[in-house]
Amino acid sequence: MLAEKARRALEKKAAYGPDLQIPLVEPHGEDFAVESLDNLDKRLKEASLLSGFKTDESDRSGSFFQKDDTVLYQKVQEAYRGQVEIMSIEAALAQYPWLKEYYWRNVPVDMDKYTALVELSGNGGYFIRILPGARVEQPIQSCLLLDESGGSQRVHNIIVAEEGSHAQIITGCTITPEVKEGYHLGVSEFYVKKGAHLTFTMIHNWAENFHVRPRTGIVVEEDGTFINNYILLKPVRSIQSYPRAELRGDRARARFNTIVYGQRDSEIDLGSWIELNGRETRGESLSRALGTDRARVMMRGRLTARSNDARGHLECRGMLFSRESQMNAVPELWVDGAPQADLTHEAAVGPVSEEAVEYLMSRGLSRDDAVSAIIQGFLQTGIQGLPEVLENMLTGALAAMSREAH
Amino acid sequence: MICRDANLLIGDVVMLKIHNLTVSTGGKEILKDISLEIPRGETHILLGPNGSGKTTLLKAIMGMGSFQTSGSIMLDGEEISGLGIDERARRGVGLALQRSPAIPELTLGGLLKIMGQEYGSGAMAEKIDSLNCRYLLNRGVNVNFSGGEMKRSEMLQLLVQEPKLVLVDEPESGVDLENIVVIGEALRRLLKPSREKEKERAGLVITHTGHILDYLNADKGHVLLHGKIVCSGNPRDLFEEIGRHGFEGCANCPELQLKGGQSC
């Protein structure tokens, strides 16, 4: 049934982003795994670290590591057994018959050709479940790494935060330096149950000839909170993604923080869509984007309110540093039969304020330092509340980038 | 001559020497042939009606704004008119603007960290507390600051910067009495007389009300009118005269011009 629907959608173009022709290939997963991440090749370790994945697993409650088609490693730290489950999606589907109720329920299998390809030629992905009431202080980490140039990952992930649980996940999608081109198709379905709190931070790290099409759906039940941080600091050929969070339960909350550095010939089309359906739901979306070289950046955002006491705010801000780069901000507010709902948006694309630069220079900062400080702060305000463990790493990366951008 | 030679060892006796400074924007002259000297250890007051060019003069000394300038600005014997804003700051010019831009991208604490080696030290903490700025450290610089908060933050930045030429634009404007005390104390500290001549600073302060004179030992006042310094003299006498006859009266007063002399 799913396969049939998928087959019919194989030619269906996506609503946004350049259309890609990706061959339907058979997965060819090799059957091996590593006992410890210590045994990983140094190249892989370095590449994964760039996307926030620590192979020494310090300060992490559990790990999932997939290279190309193969799940190399999955583990929950001793202290967190009984609180977290991590396994490949295949293993999870085999183990839990109930998982069918979560599979393709939140992202339609026939959404477009990319979801169809994931169903028909999927090669992995993870299942992460945080058990009811669990308080998982240390982040769970996952890494989806491509090491085969010209290859592709077509993964399906399901994340279930059970009732009253509390956790954060850091996930990196990355490639080794040898990979110059390829595709990443990733379907992610999130279920945030009653009273659960989930922070999901994704760091993308691609190459100049790489195409990326994530497809993400999130359902948040009553009193649940979902926070999504997305960070793209490396060039990509094209990426298009428009995750949708449905705040189904009363008092559910969602927040999307996005920071994007568009450079070289990157074609970036990113958005977030929050549906405020339950009573007293709250949605917030903040994005910060820089454009240099010939990059084209599209920032979309949509809030849909169907409940009278829903409140939402959308904020997109961008700066361009090259005459050949482009930026579009498209904020949308939809109110459907809820006249008391309160939705606002702010969108701005503009340069670094010369007045502010002069002010900082009068305090002894060089022009370069002043502009960098402003750019770095501009990006950082886009991801307030990032897991502490990532903050230092990111601050370093942003400082370097802020210098490079202008 | 002997006295002058002795002073050479510690730099110039004159901290700021402006000669024939003309500043224009869009073909319009805002300041015309300004000449002004402020010796080490002295604080001068700049008076004048709105639009007379007071703020432009301070910005021109700092090198800010998109102005065309000609003439000379010497700081401690060195020509600085060709230097960038940051180079002037590093040579010891410090400016507190009347209205500073809001910078949401940078917190006040973050700025102090970039400015001062001493961040986190007791000396910095003392400065922060003396201006009651601790609660502002995690806020964007000047973002939704009240009048008093903005002035206190400006004064704090100057205390950290430790400039040898202190330029302040209307320290008392938009500030309640309680804050004037705090700001006045900070100004007093910035311009504190020193026993060591080479540590003596100089100041140029714009004021409308003269309230700030209670905190400053102002040595001289200058009246700026239509882009020109029209008279100079004892600051309190000047205030009195202006109170009586207004700025235009001051412009036509030969007596004050004589009293102040043409030192500028």
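Here the label points at A:Lys12 and A:Arg403, each 7 Å from Cα along the C-beta direction, are separated by 4.8 nm in the simple model. Among the GluC sites (Glu not before Pro) in region B:148-199, those located in a DSSP loop and surrounded by at most 13 other Cβ atoms within 10 Å of their own Cβ are B:Glu196. Computed from point charges on the beta carbon alone (+1 for Lys and Arg, -1 for Asp and Glu), the dipole magnitude for the protein assembly as shown about its Cα centre is near 680 Debye. In plain terms, if you count all Cα to Cα distances in region A:145-228 and split them into 10 Å steps from zero, the share in each step is 18, 41, 25, 14, 2 percent. Taken about its Cα centre, region A:181-268 carries a charge dipole of about 100 debye when Lys and Arg each add +1 at the Cβ and Asp and Glu each add -1 at the Cβ. For region A:317-406, the dipole from Cβ point charges (+1 on Lys and Arg, -1 on Asp and Glu) about the Cα centre works out to 260 debye, to the nearest 20. Ranking A:Val155, A:Phe127, A:Asn328 by how far each Cα lies toward the positive end of the dipole of region A:2-350 (charges on Cβ) leaves A:Asn328 at the top. Note on A:Asp293 and B:Glu198: with the Förster distance fixed at 45 Å, the Cβ-Cβ geometry gives a FRET efficiency of about 0.35. Could you calculate the FRET efficiency of B:Glu248 with B:Thr209 from 1/(1 + (r/R0)^6), where r is the beta carbon distance between them and R0 is 22 Å, rounded to 0.05? The pair B:Glu248/B:Thr209 has a calculated efficiency of 0.70.
Shown here for region A:297-406: GluC sites (Glu not before Pro) in loop regions (DSSP other than H, G, I, E, B) with at most 16 other Cβ atoms within 10 Å, namely A:Glu324.
For region A:276-387, the calculated P(r), taken from all Cα-Cα distances in 10 Å bins from zero up to the bin holding the longest distance, is 14, 32, 29, 17, 7, 1 percent. Rg and Dmax over the alpha-carbon atoms of chain B stand at 18.3, 54 Å. Membrane-span-like helices of chain B, defined as complete DSSP H segments with a Cα extent of 27 Å or more along the helix axis and a mean Kyte hydropathy of at least -0.5, are absent.
Are there trypsin sites (Lys or Arg not before Pro) in region A:244-332 that DSSP marks as loop and that have at most 10 other Cβ atoms within 10 Å, and which are they? Sites meeting the loop and neighbour criteria: A:Arg323.
Pairs from the list A:Lys45/A:Lys193; B:Lys151/B:Lys220; B:Lys28/B:Lys220 with a Cα-Cα gap above 25 Å: A:Lys45/A:Lys193; B:Lys28/B:Lys220. Considering only B:Ser81, B:Phe67, B:Gly53, and ranking their Cα positions along the charge dipole of region B:40-94 that arises from unit charges at the beta-carbon of Lys, Arg, Asp and Glu, the one farthest toward the positive end is B:Gly53.
Modelled spin labels at A:Glu148 and A:Glu332, positioned 7 Å past Cα toward Cβ, are 3.7 nm from each other. For chain B, the residue among B:Ile206, B:Leu191, B:Met150 whose Cα projects farthest onto the positive side of the dipole built from Cβ charges is B:Met150.
Here, chain A has an Rg and a Dmax of 20.6, 68 Å when only alpha carbons are counted. Listed by chain and number, the lysines whose alpha-carbon sits under 17 Å from that of A:Lys5, ignoring those within fewer than 8 places in the same chain, are A:Lys13, A:Lys100, A:Lys113. When the pairs B:Lys17/B:Lys228; B:Lys32/B:Lys192; B:Lys197/B:Lys228; B:Lys17/B:Lys197; B:Lys127/B:Lys164 are compared against a 21 Å limit on Cα-Cα distance, B:Lys32/B:Lys192; B:Lys197/B:Lys228 fall above it. Amide H to amide H distances under 5 Å link A:Val330 with A:Met299, A:Arg300, A:Gly301, where only residues 5 or more positions off or on other chains count and H is placed in the peptide plane. When A:Asp368, B:Asp237 are compared by accessible area of protein heavy atoms, the largest-first order is A:Asp368, B:Asp237, using a 1.4 Å probe. The share of alpha-carbon pairs in region A:352-406 lying farther apart than 14 Å comes to 54%.
The values are calculated or read from the model by the stated rules, or taken from the named source; none is laboratory data. Bear in mind that the values here come from a model prediction, so they are computed numbers and not experimental data. FYI the Cβ positions are ideal-geometry reconstructions off the backbone, even for glycines, and counts take in every protein chain you see. Heavy atoms of the whole protein, side chains included, go into the accessibility calculation; ligands, DNA and RNA do not. Shrake-Rupley method; radii C 1.70, N 1.55, O 1.52, S 1.80 Å.
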